[in-house]
Amino acid sequence: MLKAFHLLFVATVFFLTGCSSLPSVVTSLPESENTVSHQAYIVSHGWHTGIIVPAKKMNVYVPSLSDRFSDGNWYEFGWGDKGFYQAQEVTSGLTLQAMFWSSGAVMHVVSVPTNPQQFFRESDVFGIQLTDNQLNSLMRFIANSFEKDEQEKIIPLKRGIYGNSQFYAAVGRYYILNTCNKWTAKGLKSAGMDISPTFKLTSSSVMDYLKDNQVNKQHAEKTAVPCTTD
């Protein structure tokens, strides 16, 4: 019995490691001399993380969003399992299905009308500063995460789960080694951050990276020795 279970476990892991890990990381563009700093955010809702970017800039990459949302200054994006994410009630069956035999993926888009830290005051919100090219690479990653129809338009599904929000069809397939939090880590990697998405499977692993990265950056700035000339 144990041998059979072991073989089943090995076969499952082998199958999962061979599964598609879309959406793929976008290669960040090299920086130009004149760069502008832009604000973006990562939000943790407990088990799930999302990416928040300026709405007007994102509308350039996904114009259809401006047809659906017209009142927000920001968008929050989340990627996840089609069945689990859209469910009215989460069950153990849906959880297992999401981890091992997902039926597909969805994007959850929320229009955020106010400052994200105020809008998501019950959640953990972390601000990040991005250059022009970093932000553009991040938004290209988000745009590439949507599944498109024959006219290259995003495909709306159910209404979202909070606020003014909407689900859309997404590329890729959720499974135990390709989670919503790994998707967020891929976004950060696309934005040029030195993060390895491989094992960023939980929200805490993503948020801990951001906080540690900030501490390390501040420490480097404080201990940097200024250049001097003789």
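No lab work stands behind these numbers, since they all come straight from the coordinates. Please read these numbers as outputs of a predicted model, since none were measured by experiment. Cβ placement follows ideal geometry from the backbone for every residue including glycine, while neighbour counts extend to all protein chains displayed.
Key figures
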read-out: Ranked packing of 196-205, 104-113, most packed first, by mean Cβ within 10 Å; value: 104-113, 196-205
read-out: Set Lys153/Lys189; Lys57/Lys153; Lys158/Lys189; Lys82/Lys158 screened for pairs whose C-alpha atoms are more than 22 Å apart; value: Lys153/Lys189; Lys158/Lys189
read-out: Hypothetical label at Thr27: residues of region 170-191 whose amide nitrogen lies under 14 Å (7 Å Cα-Cβ projection); value: 190
